[in-house]
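The values are calculated or read from the model by the stated rules, or taken from the named source; none is laboratory data. Here the structure is a predicted model, which is why all the values come from computation and not from measurement. In this analysis, Cβ positions are derived from the backbone assuming ideal geometry, glycine residues included, and neighbour counts consider all displayed protein chains. Ligands, DNA and RNA are excluded from the accessible area calculation, which covers all protein heavy atoms including side chains. Shrake-Rupley method; radii C 1.70, N 1.55, O 1.52, S 1.80 Å.
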Amino acid sequence: MMSVKALPGVPRWAVLAAHAVPLLTLPSGLWRLALVAGLPVTQDAWHHGPGGVMSTAEAVYVVSPSVVSELLAFLTLGLVRPWGEVLPRRFPFLGGRPVNPAAAWRAAFAGAAGLCALVAWGVYASAAGLGSGIPASPAQEALVIACYAPLLAWPVLLAAVAADHRRRHTAPVARGAGPGPSGGGGQEGAGRPAASSWV
């Protein structure tokens, strides 16, 4: 059975959910790369420029959202992995410094809310017929839906992992437990300060 590195005390469901998020963004990114490569994913066949080749500016415009979304999705792993608690030393200026857990879960919840807003806008725009849409055959349209549908799970999984992160870092404080072996040290990991000392 495959083992995944995670912080002590992180439930397995949260580890799996955090690792699933970057995978959810891959299909849409691959679809965009196929679009840039000129594969028949739409009926346009890219009549952009000579020979039907997409210009560099257009290619960057199409691929950039995929790169950004994949990087943001990858940050979800920081809620369950050690590098999300203490920044790796290879980072200039910030390496080796602890991450404020409250800032991490608040940013994650804000990201989940932003993703929900984008999903809501996309559903509304589609229902209202806003925009020109993608000219596609039924098979191509099914491919677009299959590639973009996994993104609907992103805000749900991100919010769930953020809620667990918040629970792990606020529960010892709420119980009045201090740092040390009996004060939730098993959750924070041996040799690291308690979460309450990072706030």
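Some points to look at:
- Förster radius 22 Å - calculated FRET efficiency between A125 and V63 (Cβ-Cβ, nearest 0.05): 0.50
- Rounded FRET efficiency, nearest 0.05, which uses the C-beta distance separating A107 from V86 and R0 of 22 Å: 0.85
- Length gained on full extension, A149 to L33: 40.1 nm, using 0.36 nm per residue less the C-alpha separation.
- For the residues Y148, Y124, Y61, a 1.4 Å probe over the protein chains yields an accessible-area ranking, largest first, of Y61, Y124, Y148.
- Theoretical gain in end-to-end length, A163 to E141 [0.36 nm per residue, Cα-Cα removed]: 4.4 nm
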